[in-house]
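The values are calculated or read from the model by the stated rules, or taken from the named source; none is laboratory data. Since the model is a prediction, treat every value here as computed from it, not as a measurement. Because the Cβ atoms are built from the backbone with ideal geometry, glycine has one as well, and the counts that use them run over all protein chains shown.
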Amino acid sequence: MTPKIAFLGMGAMGRAMTKNLVKNGKLDEPLILWNRTHIRAVEHSEQIRNSAAIESLEDAVSTADIVWSCLSTEKVVIELFDTILQQDVRGKLFVESSSITPEATNSLAARVGNAGAEFVGMPVFGDAGLANAAILTCVPAGLKDSVDKVLPFLKGVIARSVINLSDEQPGSASHLKMIGNVMIMQMIELTAEAHVLAEKTGLKNELLHQAISTIFPGSCAMYSGKMISGEYHRQPLAQIDPARAIAASILDLAKTSGASLKGYDIASKHLDAVRSHVGEGGNISGIYGAVRLESGLLYEN
């Protein structure tokens, strides 16, 4: 029998991950879905089948062996665990996939352990589009026995690959995710600048995209495609405000450690420009629009 799983959080990532858990996870029992706005969990359950939307957080947690969360902000994550840890959670495994700081992850792990439960910090690399296609990269960290319990639901189920940090502190996964975010943001920034330069100097963007897809396949090519298709301003890939919060945390970490992140600082300022231009509906690929504005072009291509 597979363990009974409750998934907390029906944002874009949560909906995509749970869709693939039901589709590919070979679950013996319906997947439990919980969301602060209950109707969203109900509607999603109707779409993916083999699941049950439960309104009470206490009931969702109490009936599950594995409690998996993916939430919008660190504040929401901490508030959720404040509530959960008021009940008996002994023997349960908590898997936390939100984008939160290493300090918050390790603090939650300690609190969960003191309550007699297990904890795996497992952020993911990839946006909602990759999550929907089940090609995320998962980064589980914690005691090996705990990580082993979640591995059957990762590669081939919700993910294409796994960076296994067994027996590392749970916060090490969040730490890796933060530094990975530095690389991703600068990759988007560089791709955006290249496309703007191409347009301003008369090179067809399609030709540049062809070169990017050949030389830098994968994420770089994916974001390039979002830019030239106009999807960067039509369809959010990653909500702008959580992305800006992560950027602020990374820049603070760089400042306190004495690390220079000039390229990332530029990309972060472009995130702020996206927020100012389109509001909370913007997303990280909107950096392309911000670079366009700086270069005398319209935000939308």
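A few points about this structure:
- Verdict on residue 97 being within 25 Å of residue 131 (Cα to Cα), touching a residue at least 24 places away in the same chain (Cβ under 8 Å) and surrounded by 16 or more Cβ atoms within 10 Å (Cβ to Cβ): yes
- Here residue 114 fulfils each of the conditions (1) free of Cβ contacts under 8 Å to residues at least 12 places away in the same chain; (2) crowded, with 24+ Cβ neighbours inside 10 Å apart from (2).
- In summary, helices (runs of 4 or more DSSP H) completely within region 203-301 and bearing 2 or more residues that are over 27 Å from residue 136 (Cα atoms) occur at 205-215, 240-257, 262-278, 287-294.
- Leading residue by the ranking (surrounded by the most Cβ atoms within 10 Å (Cβ to Cβ)) among those in region 157-190 that are assigned by TED's automatic domain parsing to the domain that holds residue 130 and β-branched (Val, Ile, Thr): 158
- Where residue 284 falls short, out of the listed (1) β-branched (Val, Ile, Thr); (2) more than 19 Å from residue 301 (Cβ to Cβ); (3) at pLDDT below 95; (4) surrounded by 15 or more Cβ atoms within 10 Å (Cβ to Cβ): (2)
- From 259, 211, 290, 267, residue being over 30 Å from residue 76 (Cα atoms), modelled with pLDDT of 95 or more and not polar (S, T, N, Q): 211
- Scanning region 136-159 finds no residues that are at pLDDT below 95, more than 18 Å from residue 72 (Cα to Cα) and either of a type in the set (A, V, I, L, M) or assigned to a strand (DSSP E or B) (or both).
- Every pair of residues 6+ apart whose Cβ atoms lie under 7 Å, when the first sits in region 191-208 and is farther than 20 Å from residue 267 by Cα while the second is in a helix (DSSP H, G or I) and of a type in the set (A, V, I, L, M): 205/198; 205/228; 206/228; 208/194; 208/198
- Number of the exception - residue 218 against (1) surrounded by fewer than 17 Cβ atoms within 10 Å (Cβ to Cβ); (2) at pLDDT 95 or above; (3) within 30 Å of residue 102 (Cβ to Cβ): (2)
- Residues of region 45-70 satisfying the condition of being more than 14 Å from residue 6 (Cα to Cα) and assigned to a helix (DSSP H, G or I): 46, 47, 48
- Yes/no for residue 15 being in the same structural domain as residue 138 (by TED's automatic domain parsing), farther than 20 Å from residue 96 by Cα and either surrounded by 17 or more Cβ atoms within 10 Å (Cβ to Cβ) or among the basic types (Lys, Arg) (or both): no
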